[in-house]
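Notes follow the structure.
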Amino acid sequence: MANTAEPDRMIGESPAFLQALEAVSKVAPLEKPVLVVGERGTGKELIASRLHFLSNRWDREFLKLNCAAISDTLIESELFGHEAGSFTGASRTHQGRFERASGGTLFLDELASTSGLVQEKLLRVIEYGEFERVGGSKTLRADVRVIAATNEDLPGLAVKGMFRMDLLDRLAFDVITLPPLRERREDILLLAEYFAINMASELGRDFFPGFTDAASKALHVHRWPGNLRELKNVVERAVYRAEPDEPVDEVVLDPFQSPFRPVEGGDAPQAGLQLPLDIKSTIRELEVDLVNRAMATGKFNQRRAAELLGLTYHQFRGYLKKYDDERRREAQDG
């Protein structure tokens, strides 16, 4: 039976997000492959669902495969199927995703993790609609629209010979690049409210009483390296920890934060940075992150935030002024 379930809601009003949705609406009706690019947690699977449900294939199969979750030895069988006896344990014929998705859409997530052999077979089935099962000699046909996703720089990998350039050319009929959440500031609180209401409902609560100003500011200033997935976790954690009838006031951005947290190498600092790097921009980013975290933890009391960083109030104010001035200059230059 075809998968005709509605895709999850996509919420936002920022220009970058609306531009991505407009691109989806334009390319969805075409019988062409699409490449969706974005950082982890930006909603690439939601975009793939939207592309399928806005296409003429909306009432047919929509199958998904995370290429990084399957070993090289099994992914070929998962995609193209295998014949009985083709390898140890293959006791019966197995239909692969391309066979099962014929007439519909196949979403291939984390495509950059596939081997050269799999990429070669993908190129053939996308180009000609033909493939063979593993261990088979009969050519099969499948009418499948492929939507692929990656958080890698595929053109860069192709130049290095780590991804097939001809497959990239074929997939990139159009490329939809999703903005990270830090570039969608207008959407953060909208999304947070949506996740919070759903979590309150899941907990059996009659309503969600909202966020305090301090909690809203903490959500707004965080850079969200994990994007939507991180925001959802943070909000749901805050809602379940809060009293049912009181607004959410405490937002824990890092659930691992603890004075007892074990670190690799005992008391040695973690080596999270890799060389080469731009020391000036790295220090700047670290300072901005620490200032934002201190403000959020101190509930936007500047004296408390200064104490958390071991600074005097005037030293902390100097950091705030420094980066406010930089943001203003960047905005004027832009």
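Tabulated data for the structure shown
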{"quantity": "Lone qualifier among ALA271, ALA296 - being at pLDDT 80 or above and either small (Gly, Ala, Ser) or outside any helix (DSSP H, G or I) (or both)", "calculated": "ALA296"}
{"quantity": "Residue match in the range 163-186 (condition: in a helix (DSSP H, G or I), open to solvent by 70 Å² or more (accessible area, probe 1.4 Å) and in contact (Cβ under 8 Å) with a residue 60 or more places away in the chain)", "calculated": "yes"}
{"quantity": "From the options ALA192, ALA148, residue that is within 30 Å of GLN95 (Cα to Cα), under 18 Å from the mean Cα position of the chain (by Cα) and surrounded by 14 or more Cβ atoms within 10 Å (Cβ to Cβ)", "calculated": "ALA148"}
{"quantity": "Matching entry among ALA16, ALA48 (being in contact with a Pro (Cβ under 6 Å, 6 or more places away or on another chain), within 25 Å of LEU190 (Cα to Cα) and either hydrophobic (A, V, I, L, M, F, W, C) or outside any helix (DSSP H, G or I) (or both))", "calculated": "ALA16"}
{"quantity": "Residues within the range 191-238 that are assigned to a loop (DSSP other than H, G, I, E, B) and of a type outside the set (Gly, Ala, Ser), tallied", "calculated": "11"}
{"quantity": "Restricting the range 130-155 to residues that are modelled with pLDDT of 95 or more and among the small types (Gly, Ala, Ser), the residue that is farthest from GLU99 (Cα to Cα)", "calculated": "ALA149"}
{"quantity": "Residues (open to solvent by less than 70 Å² (accessible area, probe 1.4 Å) and without any contact (Cβ under 8 Å) to a residue 40 or more places away in the chain) located in the range 90-124", "calculated": "HIS94, GLY96, ARG97"}
{"quantity": "Residue in the range 219-230 that is modelled with pLDDT of 95 or more and touching a strand residue (DSSP E or B) at 6+ places or on another chain (Cβ under 6 Å) present", "calculated": "no"}
{"quantity": "Among residues of the range 274-293, those that are open to solvent by 50 Å² or more (accessible area, probe 1.4 Å) and at pLDDT 80 or above, counted", "calculated": "9"}
{"quantity": "Subset tally (residues that are within 18 Å of ILE47 (Cβ to Cβ) and β-branched (Val, Ile, Thr)) for the range 172-223", "calculated": "3"}
{"quantity": "Verdict on ALA172 being of a type in the set (Gly, Ala, Ser) and modelled with pLDDT of 95 or more", "calculated": "no"}
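Okay, residues lined up against (1) within 16 Å of the chain's Cα centre (by Cα); (2) open to solvent by 80 Å² or more (accessible area, probe 1.4 Å); (3) over 16 Å from LEU106 (Cα atoms); (4) of a type in the set (D, E, K, R):
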residue	(1), (2), (3), (4)
ARG9	yes, yes, yes, yes
GLU13	no, yes, yes, yes
GLN19	no, yes, yes, no
GLU31	no, yes, no, yes
GLU39	yes, no, yes, yes
TRP58	no, yes, no, no
PHE62	no, no, no, no
THR73	no, yes, yes, no
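The values are calculated or read from the model by the stated rules, or taken from the named source; none is laboratory data. Keep in mind that this is a model prediction, so the values were computed, not measured. Don't worry about glycine lacking a Cβ; one is built from the backbone with ideal geometry, like all the others, and counts go over all protein chains shown. All accessible areas refer to the heavy atoms of the entire protein, side chains included, with ligands and DNA or RNA removed. Shrake-Rupley method; radii C 1.70, N 1.55, O 1.52, S 1.80 Å.
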